[in-house]
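The values are calculated or read from the model by the stated rules, or taken from the named source; none is laboratory data. Since the structure is predicted, the reported quantities are computational estimates derived from the model, not experimental observations. All Cβ positions, glycine included, derive from the backbone under ideal geometry; neighbour counts span all protein chains shown.
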There are 2 protein chains.
Amino acid sequence: MIVNRQPWKVLDSEIVFDHPWYKLRQDRVQLPNGRIIDDYVVEEKKDIVFIFPVTADHKVVLVNQYKHGCREFLLEIPGGVFDPAHEQPEAAAKRELMEETGFRAEALIPLGMVYDDPSKDTSKTYLYLAENVEKTGEQQLDITEDIEIILADIREIYPKIINGEIRVCNSISGIFYALDHLGYIQHSGVKTNWNDQ
Amino acid sequence: MIVNRQPWKVLDSEIVFDHPWYKLRQDRVQLPNGRIIDDYVVEEKKDIVFIFPVTADHKVVLVNQYKHGCREFLLEIPGGVFDPAHEQPEAAAKRELMEETGFRAEALIPLGMVYDDPSKDTSKTYLYLAENVEKTGEQQLDITEDIEIILADIREIYPKIINGEIRVCNSISGIFYALDHLGYIQHSGVKTNWNDQ
């Protein structure tokens, strides 16, 4: 059981790998029990947005692209990285949606802030729902991006998670919050009579 | 739209940062459009297991601990890293559950394999459901770990995601699959009459 709920004390800190896409910081930290760790490495990562974009006729705009870390093509909701020092998460979400898909979101509903890998990196992931999105432009892709846009009926999204067609954790999280918000999933734990289970 | 669904060709590869907890590989890659990128960095990460452990009386075993990347205390399902060259994911899941909580799982139900950050790291995350877990031992923690065990009624888990109390993507994903498998969440998309929506 936790005796002391203090964050670790950072005694010293230096950047040990500095690349435009990857920046590692090594901290010398003191734990609440007094123990010192000389080389706790964390990735200084920018923040992330993901959007669950739905058209007026209940289609969800998904993206399918190659991911070099796992060397597979993966189906996800649109999203990307942004620098919180220079952009607000909501603006980043609208920009990423437009760049990756050419769809415009008028208004965004915030679904929450989640973490991807909170032990090892510093980034926050902001999740949004965008209703009534419309195709008003063309994709503007980075040189490493080659994104296929897939429109799927909103009723097909939950089964795509269960069958593993959608299998990236931050997409699953965004979809979970969005489908809950829109009333497509119901929780039988607290809403119904427990004795009926 | 994707013209060529080939993975990127790796022309050359070297380890550019090598630490026991962090290993970065830099690839020189050729994209399907012929373009060459000299410095695509990925993290060579071990694989991960997460377990949704439920006791016979419908309590879920959760863990609460400090995470230095985001500098917060976070509530999660138990899990951890393992080396797939030396351990099977199912054995790793049972071991991590015992080490972090002292609870023993007799049998595991595989819920799926998901990715955390498939652009930037190589790891696979295996999700398991463990029913009828029992406290048979004591925690055996790493020096950086100070884990509080929290038993929560299974009916409280979904609300904890919606209210943000549980906010780590791989925990959310594991919980989503487990609650679906156990019948605690229902999807009204394909199962009910669409016209009633």
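Quick notes
- Residues of the stretch A:149-166 that are facing chain B (nearest Cβ under 8 Å) and in a loop (DSSP other than H, G, I, E, B): A:Gly164 alone.
- Candidates B:Asn33, B:Asn64 - the one that is outside any loop (DSSP other than H, G, I, E, B) and of a type outside the set (Gly, Ala, Ser): B:Asn64
- Within the stretch A:101-117, if we keep just the residues that are part of a loop (DSSP other than H, G, I, E, B) and within 14 Å of chain B (Cβ to nearest Cβ), the residue that is farthest from A:Cys169 (Cα to Cα) turns out to be A:Gly102.
- Selection status of A:Ala92, away from chain B (no Cβ under 13 Å), surrounded by 22 or more Cβ atoms within 10 Å (Cβ to Cβ) and within 24 Å of B:Cys70 (Cβ to Cβ): yes
- Against the list (1) surrounded by 15 or more Cβ atoms within 10 Å (Cβ to Cβ); (2) out of contact with any Pro (no Cβ under 9 Å at 6 or more places or on another chain), the condition A:Ala85 fails is (1).
- Complete set of residues in the stretch B:58-104 that are aliphatic (A, V, I, L, M) and free of Cβ contacts under 8 Å to residues at least 24 places away in the same chain: B:Ala85, B:Ala91
- All positions within the stretch B:86-100 that are assigned to a helix (DSSP H, G or I) and over 10 Å from B:Val49 (Cβ atoms): B:Met98, B:Glu99, B:Glu100
- A:Met98 among the hydrophobic types (A, V, I, L, M, F, W, C) and surrounded by fewer than 19 Cβ atoms within 10 Å (Cβ to Cβ): no
- Among the criteria (1) farther than 21 Å from A:Thr122 by Cβ; (2) touching a Leu at 6+ places or on another chain (Cβ under 9 Å); (3) not assigned by TED's automatic domain parsing to the domain that holds B:Glu138, the one B:Glu14 does not fulfil is (2).
- Checking B:Gly69 against (1) touching a Phe, Trp or Tyr at 6+ places or on another chain (Cβ under 9 Å); (2) among the small types (Gly, Ala, Ser); (3) part of a strand (DSSP E or B), the condition it does not meet: (3)
- For B:Lys120, the test of being within 14 Å of another protein chain (Cβ to nearest Cβ) and within 29 Å of A:Glu76 (Cβ to Cβ) is passed.
- Counted residues, the stretch B:48-59 - those being in a strand (DSSP E or B) and within 11 Å of chain A (Cβ to nearest Cβ): 2
- Selection status of B:Val10, more than 10 Å from chain A (Cβ to nearest Cβ) and either out of contact with any helix residue (DSSP H, G or I) (no Cβ under 8 Å at 6 or more places or on another chain) or surrounded by 14 or more Cβ atoms within 10 Å (Cβ to Cβ) (or both): no
- For the stretch A:46-59, filtered to residues that are surrounded by fewer than 22 Cβ atoms within 10 Å (Cβ to Cβ) and either touching a strand residue (DSSP E or B) at 6+ places or on another chain (Cβ under 7 Å) or of a type in the set (S, T, N, Q) (or both), the residue that is nearest to A:Phe17 (Cα to Cα) is A:Lys46.
- In summary, B:Met113 fulfils each of the numbered conditions (1) hydrophobic (A, V, I, L, M, F, W, C); (2) more than 19 Å from B:Leu182 (Cβ to Cβ); (3) crowded, with 16+ Cβ neighbours inside 10 Å with the single exception of condition (3).
- Filter result for B:Ile172 (in contact with a helix residue (DSSP H, G or I) (Cβ under 7 Å, 6 or more places away or on another chain), free of Cβ contacts under 8 Å to residues at least 60 places away in the same chain and either in the same structural domain as B:Glu99 (by TED's automatic domain parsing) or part of a helix (DSSP H, G or I) (or both)): yes
- Among residues of the stretch B:133-148, those that are more than 7 Å from chain A (Cβ to nearest Cβ) and either under 27 Å from B:Pro84 (Cβ atoms) or without any contact (Cβ under 8 Å) to a residue 24 or more places away in the chain (or both), counted: 9
- Test: residue in the stretch A:18-28 that is in a loop (DSSP other than H, G, I, E, B), surrounded by 13 or more Cβ atoms within 10 Å (Cβ to Cβ) and either touching a residue at least 40 places away in the same chain (Cβ under 8 Å) or touching a Gly at 6+ places or on another chain (Cβ under 8 Å) (or both): no
- Just so you know, in the stretch B:32-45 the residues that are facing chain A (nearest Cβ under 10 Å) and touching a strand residue (DSSP E or B) at 6+ places or on another chain (Cβ under 7 Å) include one that is farthest from A:Ile37 (Cα to Cα), and it is B:Ile37.
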